[in-house]
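Chemist: Below you'll find the structure I mean.
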Amino acid sequence: MGVILVHVANADPAPWIDELRRQAPDLDARGLDAVGDPAAVEVAITWKLPHGLFRTYPNLALIQSMAAGVDHVLADSDRPAHVPVARVVDPWMARSMVHQVALAVLRWHRRLDWVEAMRADARWPTGVVFDADAVRVGVLGLGHLGQAVARAMQDLGFAAAGWARSPKVIDGLDCHHGPEGLRALAAWSSVLVCLLPLTPETEGILNAELFERMAPGSLLVNVGRGGHLVEDDLIAALDAGRLAAAALDVFRTEPLPAGHRFWSDPRIYLTPHIASEINPVTATRVFVENIRRIRAGDAPIGLIDPAKGY
Ligand code: GLV
């Protein structure tokens, strides 16, 4: 049995290695510094392994992303194409994502910024009605996370519909697809939530053309990837009142540079890529299961199709 390489960009892999050893003491889990013979590496569990390294492991049998997204893996053009790539599919992450999106939608819908401004002035308004019937949540991306978010929005009493690249049938949810479907969903939605994978087709998908179709005062929630958003188009849509606010958790450059205009714009609900943090205990269960599956010759959970990019 080979080495299980664990690598987390800008973080110590030790807690992950400890958890792997706790759940599966037989596994030989190591950080990048302790790999030794590259030919011994059987599985790479990673968040942003430096590009070019995958191809130096001739016996690599699985690339396991430490995230729901695999764009950081597929961006390595030297990656050996025959090695299966798996993303994390974990209900823990789906629940966390639901909470993040609910927080943004409710903050916008219940006008929390306005409420807090009134509190600051000790003002007491009357006749306040929050029109829940006007909240129509369009979810872009109908995978594990997107479906969980759409259902949760319905459970909160909001209308929800979705969009995916190809046709989908999901019980109780209107599913759009293709360019026409995207335009139709934007025109219907007062909230657009982006949970798409980042691929060449979805890069810059959150742009002026889409925002212009939305009703004035709408909300954008981007919990996909920073590359989905055209930043100048967002600012223009906010300035024009097309969008009232944008909840952004992901950015083209992360960490978001100190001087970036998003930091100080009150119309942007900003969080530092924490919408759906990976949980060491529950995600490690998935890793252990996937190692077991690969060794048994079975497909791992969360196997992606590199041609599609998700
Ligand atoms: C986080 O961004 C993830 O892809 O899980």
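The numbers here are math on the coordinates, done by the rules we state, and not lab data. What you are looking at is a predicted structure, and each value in this text was computed from that prediction instead of being measured. Don't worry about glycine lacking a Cβ; one is built from the backbone with ideal geometry, like all the others, and counts go over all protein chains shown.
Chemist: Taking R0 as 35 Å, what's the FRET efficiency between Thr253 and Ile170 from their Cβ-Cβ distance, rounded to 0.05?
Modeler: 0.55
Chemist: Something else: For the chain, report the translational diffusion coefficient in µm²/s to the nearest whole number, using Stokes-Einstein at 25 °C, 0.890 mPa s, and a Kirkwood Rh over Cα pairs.
Modeler: The diffusion coefficient I find is 118 µm²/s.
Chemist: Modelling each spin label as a point 7 Å along the Cα-to-Cβ direction, I'd like the Asp78/Asp298 distance in nm, to one decimal.
Modeler: 3.5
Chemist: Continuing with the same structure: How many nm is it between the label spots at Arg21 and Asp37, if each spot is 7 Å from the Cα in line with the beta carbon?
Modeler: Placing both labels 7 Å beyond Cα along the Cβ direction yields 2.2 nm.
Chemist: Now, a different point. Sorting Cys194, Cys175 on the 10 Å Cβ count, fewest up front, what's the list?
Modeler: Numbers: Cys194 25, Cys175 19.
Going from sparsest to densest Cβ surroundings: Cys175, Cys194.
Chemist: On to the next question. Quote to one decimal, in nm, the extra length available between Glu289 and Ala187 on full extension: 0.36 nm per residue of separation minus the C-alpha distance between them.
Modeler: Residue separation times 0.36 nm, minus the Cα-Cα distance, leaves 32.5 nm.
Chemist: Given a Förster distance of 35 angstrom, what is the FRET efficiency for Glu180 paired with Ala120, based on the Cβ-Cβ distance and rounded to 0.05?
Modeler: Plugging the Cβ-Cβ distance into 1/(1 + (r/R0)^6) gives 0.15.
Chemist: For the chain, what does -39500 (n - 2.57) per DSSP helix run (n ≥ 4), summed and divided by total residues, give at 222 nm, in deg cm²/dmol to the nearest 500? Walk me through the numbers before you get to the answer.
Modeler: Working: 9 runs with 95 residues, N = 310.
Dividing the helical sum by the residues of the chain leaves -9000 deg cm²/dmol.
Chemist: Could you calculate the contour length gain from Asp239 to Asn207, that is, 0.36 nm times the residue separation minus the distance between their Cα atoms, to one decimal place in nm?
Modeler: Details: separation 32, 0.36 × 32 = 11.52 nm, distance 1.42 nm.
Gain in length upon complete extension: 10.1 nm.
Chemist: Is there a quick way to get the dipole size of the chain? I mean about its Cα centre, with the Cβ of Lys and Arg at +1 and of Asp and Glu at -1; what is the value in debye to the nearest 20?
Modeler: Dipole of the chain, to the nearest 20 debye: 420 debye.
Chemist: For a quick check: with amide H placed at 1.01 Å from N, whose amide H comes under 5 Å from Leu62's, ignoring anything fewer than 5 positions away on the same chain?
Modeler: Distant-sequence amide H within range of Leu62: Ala44.
Chemist: When the gyration tensor of the stretch 181-269 is built from Cα positions, what are the square roots of 5 times its three eigenvalues, in whole Å, from largest to smallest?
Modeler: Values for the stretch 181-269, descending: 19, 16, 10 Å.
Chemist: With each pseudo-label sitting 7 Å past Cα toward Cβ, what's the Gln154-Thr271 distance in nm, one decimal?
Modeler: For the pair Gln154/Thr271, the computed spacing is 2.3 nm.
Chemist: Just how far, in whole angstrom, is the stretch 189-233 from the stretch 124-184 if you go by their alpha carbon centroids?
Modeler: Result: 14 Å between the Cα centres.
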